[in-house]
Structures are given as C-alpha cells and as structure tokens.
Amino acid sequence: MWNFLVDTLSIAYVQLVILCFFIWYFLRHRRDPSMPVSRVGFIHLLILFLIFLYFLLSWASGIRPALAHAAVIGMFIINLMLLYALVLSRLERPYREALAEYCRDPQNLENLDAIWSNGKRFYYMRHFRAAIISGESFALFLHEIASSRIRDDVQSSLRKHGLTHQFISLKGMIAFLEGRLAQEELLPQEFKDMVTQELQEFQKHPWVEDRINEYLRLALENPEKIHNPEWSRQWEKAQAAK
C-alpha cells in the first residue's frame, strides 16, 4: 500500500492534478471575507505555480532520470506547502464561526470556550514552524502567540459589532472580582458586603476608570510606554534589605 502511494505521487501528472485542485480551492477560498488569515495571496499562489511549471517543464524536457525525479520532488514540496495552507483554512473556519457566535451571544460561556479551543488549534498549527526555530520553549512560545492573537481577534470582532470598549477593562475586572467574591464560601457575609461596596465605589469616578483602562491598554498593546513607580520602590526595598 505504501509503495503504491509513493509510486502514484511520483507521477508528475498526478502532482499536476493535485496542484489544479489546490489552485481551484484557494481561488474560491479568497472570496470568503470571514477567512482573512489562511487565504493564500494571489501573488504567492502565482509564484508557486510558476515554480511548479518550471519543474514540470524540466521533467518533460527529457533530462536525466535523477534530475527528472528531483523535479517531481520539487512539485511534491510545492503541493505539500499548499496542503499545509489548506489544513490551516479548515482549522480557521470553526474558529471564525465561534467568534461570530460569541458576538451574537457573549453571555454564553460555551461560545467563549469554543473560541479558545478552536483558536489555539488554529494558531498552534500556523506558528509551529516559528516555534521550532524561536529558541524558546516550544509550548510557551505557542501559548503566548495564541493568547495574544485570540484576544486581539475577540476585541476586533466585538468592535465590528459595535462594541467599542476594551475587552479587558476596569468594569471587567470589577465583575470578575465580584464573581470570585460570591464564590468564596469561607468568607463572612459582612466582609463580602464591605468589599462589594468598596468595589462599586472605586469604579464610580470616570477619571479613575479612564486611567485604569488606559493602563490596561498600554500593558497589553504598548508595554514599553509604561513606567511603573512601584517597580522603583520594590527595587529600593530589595537593595536596602541586602
């Protein structure tokens, strides 16, 4: 079975048929506006086709068998690259659908879970080659890339549906703290009520909300612009303790 598969893929005309299928698929795929990441650009596709055509003409020119075999291998590598792009497109579709579903019903946590599960599969596959040559921890590199891209995609999708506020904001933090506070069964109710009231008072002033939202935005998008005085104080304490 394996030998039959290898022999079949070693036929130049088989590689040509596979290439025609990929070209048809990606020309059709480019028309889908909901799939912006995995689309193969027309120039990119044209360059791959010209390289494939060069290999095909070399194979058909009657060159030595060893060079003809190398030309078929070149065709196979180009089709392998297009196969990788096709797999990416198939992984991106459920991710984009999950983003659209979440924007329609953001209160449903299952929609958010679907975004992260599908998004991680998509971005892990898309960036695994960069992770291999990054020199960093393979899993950590992919996790950081996927987390950043998914967060940006969620924010972008919400903005397209009219929500202009930040995805991570003071109100979101307060709601998170209130939810965790309500889940704490060992804390006395008086303490819960006091902390809840303080949290509500803290977010009332628009100036405080705007400054905290600005800090969160900078921390996520432009951390190089942040100067945190607390770092200096901690450094001074550490030096004084020596």
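The values are calculated or read from the model by the stated rules, or taken from the named source; none is laboratory data. Fair warning: this is a prediction, and the values are worked out from it, not measured in the lab. Note that we place each Cβ from the backbone using ideal geometry, even for glycine, and neighbour counts take in every protein chain shown.
Quick look at the numbers
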| item | result |
| --- | --- |
| Total residues in the range 131-161, condition at pLDDT below 80 and of a type in the set (A, V, I, L, M) | 1 |
| Any hit, the range 79-90, residues being farther than 22 Å from LEU45 by Cα, of a type outside the set (Val, Ile, Thr), part of a helix (DSSP H, G or I) and at pLDDT 85 or above | no |
| Complete set of residues in the range 53-102 that are under 17 Å from ILE11 (Cβ atoms) and of a type in the set (Phe, Trp, Tyr) | PHE55, TRP59, PHE76 |
| Pair list, Cβ < 6 Å and 6+ apart or interchain, from the range 200-214 residues that are over 15 Å from LEU177 (Cβ atoms) and without any contact (Cβ under 8 Å) to a residue 24 or more places away in the chain to residues that are β-branched (Val, Ile, Thr) and surrounded by 11 or more Cβ atoms within 10 Å (Cβ to Cβ) | none |
| Condition broken by LEU186, with the remaining ones in (1) surrounded by 16 or more Cβ atoms within 10 Å (Cβ to Cβ); (2) outside any helix (DSSP H, G or I) satisfied | (1) |
| The range 100-117 residues that are assigned to a helix (DSSP H, G or I), paired with ones that are of a type in the set (S, T, N, Q) (beta carbon under 7 Å, 6 or more apart) | GLU101/ASN111; TYR102/ASN111; CYS103/SER157 |
